[in-house]
Amino acid sequence: MEESFYREDEIGREQRTLPAATYNLAHTLLAQSGRDCLFVPIRSMQYMAVLDQEEFIFVDREGARMIEIAWQNFNPRVRSSLDEPVPYEAVYYMEKGRDTMKRLHGEFFQALTQMAQKRDINQPAKILKLRHGDNT
C-alpha cells in the first residue's frame, strides 16, 4: 500500500529533545516492521504518525493528508548512553501544530506502547552467554 502526504511551506522550527524511551521504541518498532516506514495511529488525538529513518510526520485525521508537524534531524550520536534524550528539530507546517505539540510527546509514546504490546515486543532484554571459542 502506498500513501502520499503533502506539506505546505514551513512556518517555524525549533530545537527539542525526545525522551529516550520514545525514540528507542519508535526505532525498534520501525526496524521490526521490515518496511521502510511505519504507520502509528494516535487514536486519542485522531492523528496518524508516519515514521521512517529520516523523520516522523504527524497528520491530523481531518487534514486531508497534509503534514502538520515533522520531527527531523534526530541526533542520537550526541548521547553518552541509550537512556538519554535525543535532540531533534520540530518543523511546523500549520499554525495549530504548536498547540498539537503540547500533547504529542505523551500521546505518541502511549500509541507506540500500545503497538508494542500488540506485537509482544516489550519483553525484557536477555543477555546470552557465549561459550568459549564460539563466534556465532
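Here, each number is a calculation from the coordinates, and none is a lab measurement. In this text the structure is predicted, and so the values were computed from the model without any measurement. With ideal geometry, Cβ positions are generated from the backbone for all residues, glycine too; neighbour counts draw on all protein chains shown.
Among residues that are free of Cβ contacts under 8 Å to residues at least 24 places away in the same chain and not in a strand (DSSP E or B), Ser80 is included.
Only one of Gln32, Gln72 is over 21 Å from Gly106 (Cα atoms) and polar (S, T, N, Q). Can you tell me which?
Numbers: Gln72 fails: over 21 Å from Gly106 (Cα atoms).
Answer to the selection: Gln32.
Of the residues making up segment 29-64, just one is under 15 Å from Tyr92 (Cα atoms) and outside any strand (DSSP E or B), namely Gly63.
Restricting to segment 94-121, name every residue that is outside any helix (DSSP H, G or I) and not acidic (Asp, Glu). Give the steps one after another, and end with the answer.
Start the filter on segment 94-121 by keeping residues that are outside any helix (DSSP H, G or I), which leaves 94-96, 120-121.
Met94, Lys96, Ile121 - these are the residues of segment 94-121 that are outside any helix (DSSP H, G or I) and not acidic (Asp, Glu).
Only one of the numbered conditions (1) hydroxyl-bearing (Ser, Thr, Tyr); (2) surrounded by 13 or more Cβ atoms within 10 Å (Cβ to Cβ); (3) more than 18 Å from Gln117 (Cα to Cα); (4) more than 15 Å from the chain's Cα centre (by Cα) is violated by Tyr88, and that is (4).
The residues of segment 1-28 that are β-branched (Val, Ile, Thr), under 17 Å from Glu107 (Cα atoms) and assigned to a helix (DSSP H, G or I) amount to a single one, Thr22.
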